[in-house]
Amino acid sequence: MSRVVLSVKGVSKRYAKYSSLTARLLHWAGLPARVAYEYWANREISFDVLAGQAVAIIGQNGAGKSTLLKMITGTVRPTNGTIAVNGRISAMLELGLGFNPEFTGRQNAFMAGGLMGFSGKVLEELMPGIESFAEIGDFFDQPLRIYSSGMQARLAFAVATAVRPDILIVDEILSVGDSYFQHKSFDRIREFKALGTSIILVTHGMGDVRSLCDQVILIDKGQVLKQGAADEVVDFYNAMIALKENEQASIEQKRTQQGWLQTKSGKGTASVRSVVLKDQQSQAVLSTAQVGQALEIFCEVEVFGEIAELVLGLMIRDKQGSIIWGSNTWYTKQVVHDLKAGDVVKYVYAFSGNLGAGSYAVTTALTSAETHLEENFEWSDNLLVFDVVNIDKPEFIGSAWLQGNFQITRSQPNSG
């Protein structure tokens with residue numbers, strides 16, 4: 001059984017404004033004091049992180065994520081509860097935190113490394129690797145004040161990961177970097193995870209959460225709202241965002257026998273009563289399709305109230321939750337108008353099934369515009385699941401079948 005490297009038990013953080021200086025002094029002395037105003041950034045948060053486990057902490061801005069991370073790293077003390085850390089933590093909480101803008105990148109790397117507990121000799125040995133990974137060229141010996149935010153992120157990540165820690169905490173800092181460095185950084189994070197480092201990730205990039213994290217913790221108003229597998233919590237979070245924009249809506253979740261999580265949310269003014277995958281020619285209903293087969297998604301929608309404009313959205317995801325394709329009838333300029341209770345609308349989406357072998361799921365969305373945030377009649381994650389097998393195509397990997405051909409030309413040197 002994996003050992004626990006981080007244990008958070010009943011942790012709360014209160015910020016208070018006291019009615020007078022005397023009241024503040026009484027509080028510092030541990031005596032009862034009158035509080036003029038108080039704000040709880042976190043309340044009763046508990047979770048464990050195992051060695052080699054990746055945990056994402058998600059939530060809207062102001063939910064209390066950063067305060068929680070500061071308590072874990074020891075820069076802020078909890079009001080209540082305990083935090084036990086078994087190992088060395090390396091954290092990137094805020095861009096430029098702890099860096100001096102007048103120091104060069106190299107000098108800041110030495111200073112930050114010293115604060116992390118490394119000796120000057122060790123840092124001398126690590127510096128070539130830090131400089132190489134950051135890839136900022138001559139700027140490494142220029143003052144930090146002339147760095148872009150992306151260059152600061154490169155330097156901070158290179159320093160924080162120069163030596164593999166027991167726990168690596170990343171709080172949105174990579175979001176300011178370019179796509180190349182983000183990929184490079186996540187490759188290192190995955191490498192560390194495989195070697196036993198525990199990862200705590202705070203990000204708004206749900207794709208990164210799905211692909212990397214074993215567990216997700218959703219925080220709302222300083223409290224844990226939901227905790228569990230990545231697909232379960234991420235889909236709930238997406239539905240929750242729409243729920244806040246659509247009063248009278250609800251969220252339902254269930255997991256199928258095949259392991260797919262189905263999340264349904266919305267007001268229920270319209271509902272998908274059937275969605276099936278068919279062969280275009282025979283119209284046979286399919287649970288398994290062939291690579292390159294001509295397919296169509298048949299969707300039947302029932303209306304339960306007056307709807308001025310109805311938009312159907314379709315999205316196909318693979319087993320890992322990565323989006324393969326998605327669009328809707330708003331973008332195709334096929335909005336249906338002036339519907340009333342009892343109406344039934346039928347949609348057919350015909351396409352070439354140029355997908356790789358594997359398992360896929362179709363998500364449906366019934367909205368009034370291009371997104372479900374404006375008015376969510378119904379959103380159903382993974383409502384239809386189907387498999388794709390490769391029968392007659394050359395062997396290939398990935399989630400897309402590209403109908404291409406190799407052209408090979410061979411030349412020989414002139415003889416004689």
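The values are calculated or read from the model by the stated rules, or taken from the named source; none is laboratory data. Bear in mind that the values here come from a model prediction, so they are computed numbers and not experimental data. Cβ sites come from the backbone with ideal geometry, for glycine too, and all protein chains shown count toward neighbours. The area values use the complete protein model at the heavy-atom level, side chains included, leaving out ligands, DNA and RNA. Shrake-Rupley method; radii C 1.70, N 1.55, O 1.52, S 1.80 Å.
Taking each of Lys13/Lys184; Lys13/Lys267; Lys184/Lys393; Lys221/Lys254; Lys184/Lys221; Lys13/Lys319 in turn, the alpha-carbon distance tops 27 angstrom for Lys13/Lys184; Lys13/Lys267; Lys184/Lys393; Lys184/Lys221; Lys13/Lys319.
Please compute the Cα-Cα pair-distance distribution of region 178-326 with 10 Å bins starting at 0, giving whole percents from short to long. Binned Cα distances yield the sequence 8, 29, 32, 23, 8, 1.
Against the main long axis of the alpha-carbon atoms of the chain, helix 230-245 sits at an angle near 80°.
With a 1.4 Å probe rolled over the protein heavy atoms of all chains, the accessible area of Asp338, Asp231 falls in the order Asp338, Asp231, largest first. Taking a Cβ cut-off of under 14 Å around Leu286, the surrounding Lys, Arg, Asp and Glu residues balance to a net charge of -2, with basic ones at +1 and acidic ones at -1.
With R₀ set to 51 Å, the beta-carbon distance separating Lys221 from Phe406 gives a calculated FRET efficiency near 0.35. Per-residue 3J(HN,Hα) values for region 155-162, derived from phi via the Karplus relation 6.51 cos²θ - 1.76 cosθ + 1.60 with θ = phi - 60°, read 5, 4, 5, 4, 5, 5, 10, 4 Hz in sequence order (x marks Gly and Pro). The Rg/Rh ratio of region 56-134, with Rg taken over Cα atoms and Rh as the Kirkwood radius over Cα pairs, comes to 1.03.
Our compactness index for the chain, the C-alpha radius of gyration over the empirical 2.2 N^0.38 Å, is 1.22. A dipole drawn for the chain from +1 and -1 charges on Cβ atoms has a positive end, and of Val76, Gly150, Ser66 the residue lying farthest that way is Val76. From largest to smallest, the equivalent ellipsoid semi-axes obtained for region 264-376 from the alpha-carbon gyration tensor read 26, 16, 12 Å. Shown here for region 303-409: chymotrypsin sites (Phe, Trp or Tyr not before Pro) in loop regions (DSSP other than H, G, I, E, B) with at most 14 other Cβ atoms within 10 Å, namely Tyr331, Phe396, Phe406. Only protein heavy atoms count here; under a 1.4 Å probe, Arg164 has an accessible surface of about 100 Å².
Carbon-plus-sulfur fraction of the accessible area of region 286-347, 1.4 Å probe, in percent?
Solvent-exposed carbon and sulfur of region 286-347 make up 51 percent of the total.
For Ser282, the solvent-accessible surface computed with a 1.4 Å probe is close to 80 Å², ligands and nucleic acids excluded. Sequence-ordered 3J(HN,Hα) estimates for region 280-296 from the Karplus curve with 6.51, -1.76 and 1.60 and θ = phi - 60° stand at 4, 7, 7, 6, 6, 6, 10, 10, 9, 10, 9, 4, x, 5, 6, 10, 8 Hz, glycine and proline given as x.
Over the Cα atoms of region 1-95, what is the Rg over Rh ratio if Rh follows Kirkwood?
1.05
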